[in-house]
Structures are given as structure tokens and as C-alpha cells.
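A.B. asks: Here's a structure for you.
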Amino acid sequence: MPRVIVDVMPKPEILDPQGKAVTGALGRLGYQGLSVRQGKRFEIEVDGELTDERLGQIREAADKLLANTVIESFDVRVDA
Amino acid sequence: MSARIGVVTFPGTLDDVDAARAVRLTGGEPVRLWHGNASLEDVDAVILPGGFSYGDYLRCGAIARFSPVMGEVIRAARAGLPVLGICNGFQVLCEAHLLPGALIRNASRTFICREQPLRVETTATAWSGAYTPGQQITIAIKHAEGAYVADADTVKKLEDDGRVVFRYLGNPNGSVNDIAGVTNERGNVVGLMPHPEHNVDPVVSPSVDGRAFFTGVLAYLQAVS
């Protein structure tokens with residue numbers, strides 16, 4: 001079954017308090033020099049063949065629901 | 001006949017009972033609306049109350065925004081129906097693009113629950129007309145995702161057009177320009193993070209500054225009818 005990955009990330013100019021918290025925790029554990037931004041990954045199983053039209057629908061759904069493009073950017077790719 | 005004010009309940013809504021009570025205490029008739037019914041029951045105004053609709057899954061308000069009742073709320077709001085979004089309701093209105101911007105995790109990364117001083121910036125909305133411009137009021141806040149953000153052009157437009165309705169005095173959550181609440185171009189849709197429905201009864205609140213939201217919309221409805 002074809003699988004599509006949608007990655008959603010907070011836009012660079014948007015404060016990412018969760019990423020900041022993880023960055024701080026890594027520092028306390030001794031992992032220095034690592035800056036984290038935290039996003040979301042969606043794995044979407046597609047029934048039947050993955051056509052360009054189907055991929056277009058997923059892109060549309062990502063824009064409509066999975067990401068809020070006021071604060072987030074997203075990337076859609078086919079899982080190889 | 002008193003005005004009929006709809007109060008929407010989503011799965012996970014918490015403050016619908018308080019919002020309905022606030023409407024009743026201030027002279028309106030609350031009408032409970034269920035998220036799964038695509039009907040507004042001919043109400044004169046709608047309140048989207050606070051809580052954690054759909055468990056805040058995906059993003060706060062993101063799933064509620066596509067519920068059957070919201071289709072009707074969006075249609076009616078665009079036609080001028082007064083709509084007030086409180087806390088999670090504000091998040092739903094932003095997700096629905098009835099209001100610009102978005103609400104993200106507090107800069108402090110903590111849940112904040114306290115009495116919050118605010119300044120009323122504009123009274124030219126369906127919900128803030130019973131205040132006076134510049135008035136300082138105190139309303140409860142309780143949220144983890146209340147930091148208002150929007151791109152610089154949107155913030156400038158909101159400021160230039162006088163669409164910032166309430167501003168925090170002492171920014172609790174990292175909101176841009178201390179913004180606590182905004183309105184749409186027409187002034188009928190207002191969203192804010194503070195909870196006016198919790199500040200209507202002197203028995204349980206140190207301030208009753210929230211009452212003017214509800215009396216304000218009744219006066220507005222009377223004036224436009």
C-alpha cells in the first residue's frame with residue numbers, strides 16, 4: 001500500500017516553545033550545541049494506486065487541515 | 001422578548017454551562033447548540049465557549065472548525081451575526097479564518113490561570129460596546145496556548161484599523177503587541193483568550209467586569225433590530 005509522508009513544521013519566525021524546552025533538556029543531559037525545532041509527521045496510507053491526482057488531494061488536505069499555514073509550513077512526499 | 005444567544009458545545013468544551021449562565025444572568029436567553037447539528041436555531045448571536053474541543057488534537061480548534069455547526073456559524077458570521085469566541089472559541093475562529101492570526105503555546109510553556117488586567121481598546125464591536133475606550137477591566141485567563149501571533153503585515157493592519165479589541169496589561173503569554181482579543185473588519189466577530197463568562201457573579205469572582213460583554217451584545221442587537 002503506497003504511503004505518503006506529510007511533515008509539518010513551525011515557520012522559522014514563529015516561536016517554538018516545545019523545541020526550546022527539548023533544546024534545554026538536551027543541554028542539561030550534556031548534549032551541547034544542539035538546537036531543536038519540533039514539528040509533526042503524518043504517515044498516510046493510500047488505498048489503491050497513488051496517482052498525481054491523489055497526491056494533489058493529499059497536498060490540498062495538508063493545506064486545509066494538517067497544517068495551519070499561518071504558523072506552519074508543510075512538505076508532502078511519497079515514502080520510498 | 002429577550003435576545004436568544006446560542007452557546008455551542010463541542011466534544012471537550014468546558015465552559016458552555018458558564019457561558020449559558022452568564023447570558024441568563026445578564027438578561028439574555030441562552031440556546032444550547034450541539035456541534036453535530038448544522039443549525040443555529042434562529043439565534044440572534046453565537047458564543048463559542050472555552051475548553052478543549054476534540055481534546056486539542058492536531059491543533060487547538062482545528063478539528064472543531066470543520067464540525068457541522070461551524071459551517072453555519074461561518075456562513076452567518078459572514079452575513080453579520082454577532083459571534084464571540086472565548087479561549088478555545090477564539091482558537092476555533094482563527095482556524096476558521098473568521099479572524100486573522102493564530103494562537104500558539106505560551107512563551108512561558110506553562111498553563112496560566114489568573115485574574116488578568118486588560119485595557120479595552122475599541123468599543124466599536126458587537127461585543128465591546130458597553131465598555132468605554134481605554135477602560136481597564138479584570139477578566140480571568142486560563143490557557144496553555146494563548147500566545148497570539150500573526151505576520152507583521154496582519155498585525156500592522158489590525159493596529160491601523162483599530163481591530164485590537166483588548167490588550168493585556170502585563171503580557172502573560174507572549175502575545176504579539178500584548179494582544180488579548182481581536183475583531184473582524186465588520187466588528188461582529190470577536191475572539192479573545194480571557195473568559196468574561198467567569199466574571200459575572202460576585203459570589204464567585206472578585207470582578208464582574210465580564211458582564212458588559214453580554215449586556216453589550218443585547219444592546220447591540222436592540223440597536224440594529
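A.B. asks: Identify all aspartates and glutamates with a Cα-Cα distance to B:K156 below 16 Å; exclude those on the same chain that are fewer than 8 residues away in sequence.
C.D. replies: B:E121, B:D178, B:E185
A.B. asks: Let me ask something additional. Could you state the per residue volume, in Å³, of the convex hull enclosing the Cα atoms of region B:97-181? Intermediate results must be reported in sequence, preceding the final value.
C.D. replies: Numbers: hull volume 7.9 nm³, N = 85.
Cα convex hull per residue, to the nearest whole number: 93 Å³.
A.B. asks: Rounded to two decimal places and with Rh computed the Kirkwood way over Cα pairs, what is Rg over Rh for region B:72-225? Present the calculation step by step, with values, prior to reporting the outcome.
C.D. replies: Values: Rg = 14.4 Å, Rh = 15.3 Å.
With Rg and the Kirkwood Rh in hand, the quotient comes to 0.94.
A.B. asks: Using θ = phi - 60° and the Karplus form 6.51 cos²θ - 1.76 cosθ + 1.60, what ³J(HN,Hα) does each residue of region B:113-127 get, whole Hz, x for Gly and Pro?
C.D. replies: Per residue, the Karplus-derived 3J(HN,Hα) values read 9, 6, 6, 10, x, 9, 10, 7, 9, 9, 10, 8, 9, 5, 10 Hz.
A.B. asks: Cα-Cα pairs above 17 Å in region B:142-225: how many percent? Please list the in-between numbers first.
C.D. replies: Values: 1955 of 3486 pairs.
Tail fraction, whole percent: 56.
A.B. asks: I would also like to ask the following. Cut-off is 10 Å between beta-carbons; in what order do B:L93, B:L81 appear when sorted fewest neighbours first? Don't jump to the answer; show the numbers that get you there.
C.D. replies: Working: B:L93 31, B:L81 19.
Exposure proxy ranking, most exposed first: B:L81, B:L93.
A.B. asks: How large is the helix-only mean residue ellipticity at 222 nm for chain B, computed as the sum of -39500 (n - 2.57) over DSSP H runs with n ≥ 4, divided by its residue count, in deg cm²/dmol to the nearest 500? All intermediate terms of the calculation are to be shown ahead of the outcome.
C.D. replies: Working: 5 runs with 52 residues, N = 225.
Roughly -7000 deg cm²/dmol at 222 nm, from the helical runs in chain B.
A.B. asks: Taking the beta-carbon count within 10 Å as an exposure proxy, list B:M70, A:M9 from fewest neighbours to most.
C.D. replies: Details: B:M70 23, A:M9 19.
With the fewest neighbours first, B:M70, A:M9 line up as A:M9, B:M70.
A.B. asks: For region B:9-149, what number results from the quotient of the Cα radius of gyration and 2.2 N^0.38 Å?
C.D. replies: Numbers: Rg = 14.9 Å, N = 141, 2.2 N^0.38 = 14.4 Å.
The value comes to 1.03.
A.B. asks: Which lysines, if any, have their Cα less than 26 Å from the Cα of B:K157, not counting same-chain residues under 8 positions apart?
C.D. replies: A:K11, A:K64
A.B. asks: Report the dimensions of region B:28-99 along its three principal axes from the alpha-carbon atoms, largest first, rounded to Å.
C.D. replies: Principal axes ranked by extent give 31, 21, 20 Å for the Cα atoms.
A.B. asks: Then there's this: Straight distance only, please: which aspartates and glutamates reach the Cα of B:K142 with their own Cα at less than 13 Å, same-chain residues fewer than 8 apart left out?
C.D. replies: Hits, sequence-local ones excluded: B:D15, B:E115, B:E197.
A.B. asks: Please list, in chain and number order, the residues 5+ apart from B:G181 or on another chain whose amide H is under 5 Å from its amide H, with Hs placed from the backbone.
C.D. replies: B:V165, B:F166
A.B. asks: Hey, another quick one. Only Cα pairs within less than 10 Å get springs; with that Gaussian network setup on chain A, which residue of A:D16, A:D63, A:D47 has the largest fluctuation?
C.D. replies: A:D47
A.B. asks: For B:W34, which sequence-distant residues (separation of 5 or more, or a different chain) have an amide H within less than 5 Å of its own amide H, given hydrogens modelled in the peptide plane?
C.D. replies: Under 5 Å from the amide H of B:W34: B:T9.
A.B. asks: How high is the relative contact order of chain B, in percent, with contacts defined as C-alpha pairs under 8 Å that are six or more residues apart?
C.D. replies: Details: 547 pairs, mean separation 45.4, N = 225.
It rounds to 20 percent for chain B.
A.B. asks: Please express the Cα-Cα pair-distance distribution P(r) of chain A as a list of whole percents, one per 10 Å bin, running from 0 to the bin with the greatest distance.
C.D. replies: Histogram of Cα-Cα distances, whole percents per bin: 18, 38, 25, 16, 4.
A.B. asks: Using the Cα centre of chain A as the reference point, and only Cβ charges (+1 on K/R, -1 on D/E), how large is the resulting charge dipole? Debye, rounded to the nearest 20. All intermediate terms of the calculation are to be shown ahead of the outcome.
C.D. replies: On the way: 11 positive and 14 negative charges, 118 e Å.
Once rounded to the nearest 20, the dipole reads 560 debye.
A.B. asks: Follow-up question, since we're still on this one. Could you pull out every whole DSSP H run in chain B that spans at least 15 Å of Cα extent along its own axis and averages 1.0 or higher on the Kyte-Doolittle scale?
C.D. replies: Working: long enough: B:68-78 (16 Å, 0.35); B:211-224 (20 Å, 1.19).
TM-like helix candidates: B:211-224.
A.B. asks: So how do B:F52, B:F66 line up by other beta-carbon neighbours within 10 Å, fewest first?
C.D. replies: On the way: B:F52 19, B:F66 13.
Taking fewest neighbouring Cβ atoms as first place, the list is B:F66, B:F52.
A.B. asks: Over 16 Å apart: what share of the alpha carbon pairs of region A:1-45 falls there, rounded to a whole percent?
C.D. replies: Values: 506 of 990 pairs.
Result for the distance tail: 51 percent.
A.B. asks: Return the average number of partner chain Cβ atoms within 10 angstrom of each residue Cβ along peptide A:10-20.
C.D. replies: Values: counts 3, 2, 0, 3, 5, 8, 2, 11, 3, 0, 3.
Mean shielding by partner chains, rounded to a whole number: 4.
A.B. asks: Here is a follow-up. Hey, what's the Kirkwood Rh for the protein assembly as shown if you take every pair of different alpha carbons, in angstrom?
C.D. replies: Values: mean 1/r = 0.0494 Å⁻¹.
Averaging 1/r across every pair of different Cα atoms and inverting gives 20.2 Å.
A.B. asks: Among B:L99, B:A144, B:I47, whose Cα sits farthest toward the positive end of the charge dipole of chain B (+1 at Cβ of Lys/Arg, -1 at Cβ of Asp/Glu, about the Cα centre)?
C.D. replies: Final value for the positive-end residue is B:A144.
Read-outs: derived from the displayed coordinates by stated rules, not from any lab. Treat the numbers as computed from the prediction; the structure is a model and nothing was measured. Here Cβ is always computed from backbone atoms with ideal geometry, including for glycine, and neighbour counts include all displayed protein chains.
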